[in-house]
Structures are given as structure tokens and as C-alpha cells.
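Inspection log for the structure reproduced underneath, given as C-alpha cells.
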Amino acid sequence: MRLVPVNCLKDEMYLAQTLHDRDNRVLLQKGVRLNDNLIEKIKENGIYSIYIHDEYSDNEIEDVISSTLRNEAVKSMKETFEGFNQSYQQRNSLKSMQYEKQQEKKLEVLSDVSKDIVEEIALSKDIMIRLVDIKNMDTYTYQHSVNVAVLSLILGIELSLNQHELYDLCIGAMLHDVGKASISKEILLKRGMLTNEEWNMVKQHPKKGYDQLKDQYQLNTNVKIIALQHHERVDGTGYPNGYKDEKINKLAKIVSIADAYDAMISDTPYQRAVSPNEAIEMIMGSAGRQFDFEMVKVFVKKIIPYPVGTLVQLSNKEIGVVEEIHTDFPLRPKIKIVKQNAVTVEMKSIDLMKETNLVIERMLYEVPNACVSKNLGEENSFKTQGVIS
């Protein structure tokens, strides 16, 4: 399967991953054949990219955690955020104590879900991130928070954190944006640039999040510090306190990398997603300035920027599909390409580990040359039908 923006969808494509609506109900089941009406339905639900099966890619890309656990985590996050929002609105009323008691129970549920995520990921070995999580705009914050927790844990395990640190890291990552519960949706979901006043309000969310968590006795200090420091930067240019490297909590440094990466590869009302390879380049470019240098070196090795089945254009303008990944060098995969000569079509596989003069120039969502499209797709056409049936 491969990731395709909704404006590049065609009615001969099949949905490769079940989609959910803003209430986390099934919107469209995996395997359905797309048509104009269904594509419009996807757009109406604030989904900008989806995974599809077509003639180029019939492979499955596995998520790091089960879909059941991910959906449970998103549901728990939604209830927890809404609880904090209610507590914030009723903070000076007689109902505030009632909401605080309810919130304690919601945090207990979230803590249990976090432990399940830690245990599920810890059981896997040599995890690589191949999948971009598809987000609905109305539930973006909750889905983003769960994905940041997953990414943070993969990095934390690679950095040899102990079990207690991993538990704190997971729930801290889940709650890192909880301060946004007190910011209006009009600002969070605004299309286009924020005003200076709106941006200053958004920048208050780490402090507001810490204030909401600081009296929650069941949460460890690390969890609360993650909420406060996840936008601090090692060169001191972050917020809210402008702390430099040595003053920033280790777990908060991990979450800051995962948070930035997931935000870059996600569609939002105010920016379109960049591809995983572009996000990796930007994270690497910020290593030592915004993010901890050693942590970035570990993190980028866990990301597969071009999953098997990805259509790419090389620096020599040839077009191909990724057919094998080198896990130690994910930016240099093996690629099947079609080269059209004057009277013949040549099929060949190249290994970018050996073809050092070539690089992947960009990902493609459509193939401009009909001959290339036919030859790239012919090997997989029957497989694709088998997957859908």
C-alpha cells in the first residue's frame, strides 16, 4: 500500500487502511473501491491523505501497535482532554471538585492504556517506523498525541531507558499537549497564519499543561515536566522558559523530537504534510541546535522514509517503485525502474547503496508516462486483486 493525497485519488484505487470519522467510528472499511462520492466523503471528514492499494503496491505496512489499542488510546485521550477542558471552564465553580474527581479516573484509564502501549512495543524487536498515521482534523490533537507517544517510546527503547522511564515517557508524551485543552478550537484549527496574539496564546500551552497536571498526585514529576518542556530547544531558543541543553529534562528532549516529526508529516488546517524523507532532513538539520544531537542520530535510523511500494523519481529523472529497504541505510533503497528507449522498454532494478551518484529526488503520486505506468504495474495487478478479494 502507499500513501496518496486525496486530490490524487482515482476511482480504480482501493482503500488499504480503514478510516475513522471525528467520533472515531468507522467511516470506510479497508478494501472498498473508491469512487467520486466516497472521495468527497473522505474530504468532508477533514482527511487529506489515505493509504491505497493499486497496481504499483500491494504490500501491507504494519503499524507499530494494533489498531484496537490505537483506537482505545485515541478514545482515552479525547475523554481526558475534554475532562481538562471542563475542569478549566468550571475552575471557580462548585462543580470544579466533581470534575477533578472524574478527571482522576480518566487519568487512571489513560495510565493503563499507556502501560499497554509500552508493553506491546517492548515485545517487538528492531521496530522501524514505516507508517504515517492518518489523522482526522477534528481529532488531530488526540491522534497526534498517541503517535508522539509511539515515536517517543521507539526512541526511548533504543536509548535503553528503563521500564519506569518508559512508562513516564509514554504517558508524558500522551499528555504533552494537554494545555491546548484551554485554547479555543477556532485558533487551533484556524486555516492560514496565526496573528501574533494568537501565536502567543498557543505558546502558553506548555505552562498551562503543567499547571493542569502539577496537582495530579498519581502522575510522576517526569510526566509533568514533559508537558512543560517539550518545546524547549537545546540552544535556548525554545519556550516557555528558554532553557538550554543541560536544563532540559531527558524525556522532554525525546518527546520534542517525536512531536516535531509527527507534526511535519501530518496534514493540518494551516499546513500540508511533508514527506517522511523531508521531515528527516529537517530534523537532522536541526540536530545540535533545536534537538539533542545524539538522540537525533538514533531517531533517524528508526524511520523508513520510502516504504516498499513508494513511487519515486530519481535525480536522473527515471521513475521507479521502491522494492527493498536497507534498514541501516533507509534513504538508499533498492528500486525497480522502467527505462523507455526509442523502440524498447527496459526493466531493471538498481541499488542506491551501489549507485552512489543517484539520489531519490521526490516521491510521486501519479505516473506521468503511460508506458512506465503499464510496466511498473503489470507484475502487481493480479496480486492487488487478490488483496481486495
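The values are calculated or read from the model by the stated rules, or taken from the named source; none is laboratory data. Since the structure is predicted, the reported quantities are computational estimates derived from the model, not experimental observations. Cβ atoms come from the backbone with ideal geometry, glycine included; neighbour counts cover every protein chain shown. Surface accessibility is based on the protein's heavy atoms, side chains included, excluding ligands, DNA and RNA. Shrake-Rupley method; radii C 1.70, N 1.55, O 1.52, S 1.80 Å.
Summing Lys, Arg as +1 and Asp, Glu as -1, what charge do residues with Cβ under 13 Å from the Cβ of Ser160 carry, Ser160 excluded? All intermediate terms of the calculation are to be shown ahead of the outcome.
Working: positive: Lys250; negative: Glu158, Glu165, Glu294.
Net charge around Ser160: -2.
Among Met363, Met1, the sequence by solvent-accessible area, most first, with a 1.4 Å probe is Met363, Met1.
Calculated FRET efficiency, Glu119 to Val32, Cβ-Cβ distance, R0 = 30 Å: about 0.35 to the nearest 0.05. Both numbers refer to the Cα atoms of the chain; Rg and Dmax are 22.0, 82 Å. Here the simple spin-label model places points 7 Å from the Cα toward Cβ, and for Tyr217 and Val6 these points are separated by 4.7 nm. Site pair Lys207 and Tyr365 shows an inter-label distance of 4.0 nm when each label is modelled 7 Å from Cα along Cα→Cβ.
Spin-label model, Glu44 to Thr356: label points 7 Å out along the Cα-to-beta-carbon direction sit 5.6 nm apart.
Note the full-extension length gain between Lys185 and Thr18 as 0.36 nm times their separation in residues minus their Cα-Cα distance, in nm to one decimal.
On the way: separation 167, 0.36 × 167 = 60.12 nm, distance 2.63 nm.
Roughly 57.5 nm would be gained on extension.
With R₀ fixed at 51 Å, the C-beta to C-beta distance from Glu60 to Glu100 puts the FRET efficiency at about 0.70. Pairs of Cα atoms nearer than 8 Å and 6+ residues apart set the relative contact order; for the chain it is 15 percent. Rolling a 1.4 Å probe over the protein heavy atoms gives the chain an accessible area of 48 Å² per residue. If R0 is 41 Å, the Cβ-Cβ spacing of Asn196 and Ser349 corresponds to a FRET efficiency of close to 0.20. Residue order by solvent-accessible surface for His20, His53 is His20, His53, largest first, with ligands and nucleic acids left out and a 1.4 Å probe.
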